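Chemist: Sharing a structure here in structure tokens format.
The values are calculated or read from the model by the stated rules, or taken from the named source; none is laboratory data. What you are looking at is a predicted structure, and each value in this text was computed from that prediction instead of being measured. Virtual Cβ from ideal backbone geometry, glycine too; neighbours counted across all protein chains shown.
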Amino acid sequence: MRRFIRRFNEPNTSKVKKPRDLFSSKIGIIAAAAGSAVGLGNIWRFPYETGQYGGAAFLILYLAFILLLGLPVMLSEFMVGRKARHNVVGTFKKLSPGKHWYVIGIMGIGAAFFISAFYSVVAGWSFEYIINAVTGQFEGKSPEQLNQMFLDFKNASLRPIIYQLIFLVLTGYIVASGVRKGIERYAKVLMPVLIILIIILDIRAVTLPGAGEGLKFLFKPDFSLINAEAVLSALGQAFFSLSLGMGALVTYGSYINKTDNLSSTAAEVTLADTLVAVLAGVAILPAVFAFGIEPSAGPGLVYITLPNVFEQMTGGQFFSILFFVLLLVAALTSSISILEVVVAYFVEELNLSRKNATIMAVALISVFGMLCSLSLNENAVAIHVFGMNFFELLEYIAANILLPLGGMLIAFYVGWILKKDQVYKELSNEHQVRVKFFGVFFFLVKYVAPFAILLVFLHGVGLLKLIVQGLGIWIN
Ligand code: TRP
């Protein structure tokens, strides 16, 4: 009954005839938003980026960016989304009619296509590994053989693409059936199971002979390894992992009840996401060292490393099946949130039915996605741009360019375009709840986030040097 009254009291600000589907409870939003945040970004990308950029120093930068930039941007995304109750593009059109701020939303839609394309490749790999786990393929294999197993699969002609398409269709199926039914139900149960499983893997990984090196790598910083690109990558990873910068959380924000507390939701989601990333790092990096794998091995790292750990565990087969199934589910709840950005846009701005919007989005992503998958296949024609294949290029553009710029613009928008008391009113549920750190939040969003992100970005892509040199010439 209470729930009914709450739903009933929701002001219906949307022009769409049917009332918008809302999350049914605070736990539901946390599960859905944490389901979006926790995914391949934590378990697949975080360990390999940390491996590539030298370990602990990267971790420290990453944590600082999460706290100082990620958390305020997350709260900003939830806030504008719930205030406007529209998709990413519609949100900015509604809050700033006649202005061009909706371009932030368009960028977000673009980023959603890019991310889905490479994300679905890696998520698809988990099908192959679930099958390998069930049929006991890891047993008795040496680290070299397990490495070869991954390479053979990656270079196979059809399987990676078929799995990728299955993953995309599954994502589409859940998105088409609606936000609440589709997303809340899965995320609520499976997230805690995932965390427990990773802790079990941690225990096995850190007690492997030779694991100490890996722990040192992960926790003893060597800042000499940090260059401009590493700093930008830490920022990109922070945004990627928290699902920020392309309006996924603006879209989810638009489904949050006016009575739910946004700041505590953002804090809890950030905490859960960071915890899973660090726990995954502890499960993977010590094992990388114990089995003599290169920490900078790149995107295959998790798929190459963990089978070695399972091979060394009592009950390894059971745990390996469970792990790859949960990896798939974690990827699915994230991928849903990316697709939802596009589908909500198609439905509200192009007036498509939810089903048709989903079919159209999935079809477009599949085309991009297959090219991504093929670009990793050594038997296919490889086109390289700036030394990167298509997969790496999309990943770089999305994580290191589009997400930071999107995050910067959203922070700028909240800090400089919206009025401070408007922001407070939305965050405090019209003065019903206290917003504990509002002063700190607003300071970070207005004065720190936009400029810090811009600096890191310009530095990372090498433009800062040019600008400083240019200014030098100009001043002289
Ligand atoms: N955060 C997810 C992960 O870590 C990926 C993801 C979901 C995402 N939604 C996003 C990344 C929006 C960027 C933007 O796997």
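Chemist: Within segment 27-58, track down each residue that is near the ligand (Cβ under 8 Å from one of its atoms) and farther than 30 Å from residue 294 by Cβ.
Modeler: 36
Chemist: A further question on this structure: Is one or more of the residues making up segment 17-35 hydroxyl-bearing (Ser, Thr, Tyr) and assigned to a helix (DSSP H, G or I)? Walk me through how you get there before you give the answer.
Modeler: Of all residues in segment 17-35, those hydroxyl-bearing (Ser, Thr, Tyr) come to 24-25.
From the residues that got through so far, the ones that are assigned to a helix (DSSP H, G or I) too are none.
Looking through segment 17-35, none of the residues is hydroxyl-bearing (Ser, Thr, Tyr) and assigned to a helix (DSSP H, G or I).
Chemist: Looking at this structure, is residue 135 among the polar types (S, T, N, Q), at pLDDT 95 or above and closer than 19 Å to residue 308 by Cα?
Modeler: Judged against the criteria, residue 135 is a match.
Chemist: Filter segment 34-61 down to residues that are out of contact with any Leu (no Cβ under 7 Å at 6 or more places or on another chain), aromatic (Phe, Trp, Tyr) and either on the phi > 0 side of the Ramachandran plot or surrounded by fewer than 24 Cβ atoms within 10 Å (Cβ to Cβ) (or both), then give me how many there are.
Modeler: Total meeting the criteria: 0.
Chemist: Identify the single condition in (1) within 16 Å of the ligand (Cβ to nearest atom); (2) at pLDDT below 95; (3) under 30 Å from residue 368 (Cβ atoms) that residue 154 does not satisfy, given that it satisfies every other one.
Modeler: With respect to (1) within 16 Å of the ligand (Cβ to nearest atom); (2) at pLDDT below 95; (3) under 30 Å from residue 368 (Cβ atoms), residue 154 is out only on (1).
Chemist: Now for a separate question. I'd like to verify a number: residues in segment 436-476 that are within 23 Å of the chain's Cα centre (by Cα), touching a residue at least 40 places away in the same chain (Cβ under 8 Å) and under 30 Å from residue 422 (Cβ atoms), how many?
Modeler: 11
Chemist: Residues in segment 209-251 that are buried (at least 19 other Cβ atoms within 10 Å of the Cβ) and without any contact (Cβ under 8 Å) to a residue 40 or more places away in the chain: how many?
Modeler: 0
Chemist: Looking only at segment 126-139, which residues are in contact with a Phe, Trp or Tyr (Cβ under 6 Å, 6 or more places away or on another chain) and part of a helix (DSSP H, G or I)?
Modeler: As a first pass, look at segment 126-139 and keep what is in contact with a Phe, Trp or Tyr (Cβ under 6 Å, 6 or more places away or on another chain): 126-130, 133, 138.
Listed by number, the residues that qualify are 126, 127, 128, 129, 130, 133.
Chemist: Another question, then. Of the residues 122, 80, which is among the β-branched types (Val, Ile, Thr) and closer than 25 Å to residue 369 by Cβ? Steps first, please.
Modeler: Numbers: 80 fails: closer than 25 Å to residue 369 by Cβ.
Answer to the selection: 122.
Chemist: Further question on the same structure: Out of 456, 435, report the one residue that is crowded, with 16+ Cβ neighbours inside 10 Å and not in a helix (DSSP H, G or I).
Modeler: Working: 456 fails: not in a helix (DSSP H, G or I).
Step by step, each of 456, 435 is checked, and only 435 is crowded, with 16+ Cβ neighbours inside 10 Å and not in a helix (DSSP H, G or I).
Chemist: Output the number of residues of segment 279-300 satisfying the condition of being over 15 Å from the mean Cα position of the chain (by Cα) and part of a helix (DSSP H, G or I).
Modeler: Matching residues across segment 279-300 total 11.
Chemist: Also, quick follow-up: Does segment 189-202 contain at least one residue that is free of Cβ contacts under 8 Å to residues at least 60 places away in the same chain, out of contact with any Asp or Glu (no Cβ under 8 Å at 6 or more places or on another chain) and not in a helix (DSSP H, G or I)? Please lay out each step first, then the result.
Modeler: First, pick out the residues of segment 189-202 that are free of Cβ contacts under 8 Å to residues at least 60 places away in the same chain: 189, 192, 196.
Checking which are out of contact with any Asp or Glu (no Cβ under 8 Å at 6 or more places or on another chain) leaves us with 189, 192, 196.
The next check asks that each one be not in a helix (DSSP H, G or I); those that pass are none.
No: segment 189-202 contains no residue that is free of Cβ contacts under 8 Å to residues at least 60 places away in the same chain, out of contact with any Asp or Glu (no Cβ under 8 Å at 6 or more places or on another chain) and not in a helix (DSSP H, G or I).
Chemist: In addition: Can you pull out every residue in segment 252-279 that is surrounded by 24 or more Cβ atoms within 10 Å (Cβ to Cβ) and within 12 Å of the ligand (Cβ to nearest atom)?
Modeler: 252, 269, 273, 276, 277
Chemist: Within segment 59-88, track down each residue that is of a type in the set (D, E, K, R) and within 15 Å of the ligand (Cβ to nearest atom). Show your work before the answer.
Modeler: To start, the set of residues in segment 59-88 that are of a type in the set (D, E, K, R) comprises 77, 82-83, 85.
Listed by number, the list holds a single entry, 77.
Chemist: Give the residues of segment 91-109 that are within 12 Å of the ligand (Cβ to nearest atom) and either assigned to a loop (DSSP other than H, G, I, E, B) or surrounded by fewer than 24 Cβ atoms within 10 Å (Cβ to Cβ) (or both), sorted by residue number.
Modeler: So the first thing to find is which residues in segment 91-109 are within 12 Å of the ligand (Cβ to nearest atom), and the list is 107-109.
107, 109 - these are the residues of segment 91-109 that are within 12 Å of the ligand (Cβ to nearest atom) and either assigned to a loop (DSSP other than H, G, I, E, B) or surrounded by fewer than 24 Cβ atoms within 10 Å (Cβ to Cβ) (or both).
Chemist: If I go through segment 319-355 residue by residue, how many of them are in a helix (DSSP H, G or I), among the polar types (S, T, N, Q) and more than 11 Å from the ligand (Cβ to nearest atom)?
Modeler: Here is the first cut: in segment 319-355, the ones in a helix (DSSP H, G or I) are 319-349, 354-355.
Imposing the further condition that a residue be among the polar types (S, T, N, Q) reduces the set to 320, 333-335, 337.
With the extra rule that they be more than 11 Å from the ligand (Cβ to nearest atom), the set shrinks to 320.
Result for segment 319-355: 1.
Chemist: In segment 373-396, what count of residues is obtained for those that are of a type in the set (A, V, I, L, M) and either surrounded by fewer than 17 Cβ atoms within 10 Å (Cβ to Cβ) or at pLDDT below 90 (or both)?
Modeler: In the first step, residues of segment 373-396 are kept if they are of a type in the set (A, V, I, L, M); the result is 374, 376, 380-383, 385, 388, 393-394.
Adding the requirement that they be either surrounded by fewer than 17 Cβ atoms within 10 Å (Cβ to Cβ) or at pLDDT below 90 (or both) leaves 380-383, 385, 388.
Residues that pass the stated criteria total 6.
Chemist: Take the residues of segment 399-429 that are modelled with pLDDT under 95 and out of contact with any Leu (no Cβ under 8 Å at 6 or more places or on another chain): which is surrounded by the most Cβ atoms within 10 Å (Cβ to Cβ)? Walk me through it before giving the result.
Modeler: To start, the set of residues in segment 399-429 that are modelled with pLDDT under 95 comprises 399-401.
Add one more test, that the residue is out of contact with any Leu (no Cβ under 8 Å at 6 or more places or on another chain), and what stays is 399, 401.
On the way: 399: 27, 401: 19.
Ranking the candidates gives 399 first.
Chemist: Within segment 77-84, is even one residue under 30 Å from residue 412 (Cβ atoms), acidic (Asp, Glu), at pLDDT 95 or above and under 25 Å from the mean Cα position of the chain (by Cα)?
Modeler: Of all residues in segment 77-84, those under 30 Å from residue 412 (Cβ atoms) come to 77-84.
Keeping just the survivors that are acidic (Asp, Glu) gives 77.
Applying the additional criterion that residues be at pLDDT 95 or above yields 77.
Still in the list and also under 25 Å from the mean Cα position of the chain (by Cα): 77.
Yes.
Chemist: Scan segment 140-168 residue by residue and report those that are assigned to a helix (DSSP H, G or I) and not hydrophobic (A, V, I, L, M, F, W, C). It would help to see each step written out before you state the result.
Modeler: Applying the first criterion (assigned to a helix (DSSP H, G or I)) to segment 140-168 yields 143-154, 159-168.
Within segment 140-168, 143, 144, 145, 147, 148, 152, 154, 159, 160, 163, 164 qualify.
Chemist: List, please: which pairs have Cβ atoms under 6 Å, are six or more places apart or on different chains, and start with a residue in segment 323-335 that is in contact (Cβ under 8 Å) with a residue 12 or more places away in the chain and at negative phi and end with one that is within 10 Å of the ligand (Cβ to nearest atom) and not in a helix (DSSP H, G or I)?
Modeler: So the pair list comes out as 330/38; 330/39; 331/39; 334/39.
Chemist: Let me ask you something else. In segment 224-251, what count of residues is obtained for those that are away from the ligand (no atom under 16 Å from the Cβ) and small (Gly, Ala, Ser)? Full working, then the answer.
Modeler: If we filter segment 224-251 for residues that are away from the ligand (no atom under 16 Å from the Cβ), which is where we start, we get 224-231.
Retained after the next criterion (residues that are small (Gly, Ala, Ser)): 224, 228, 230.
Count: 3.
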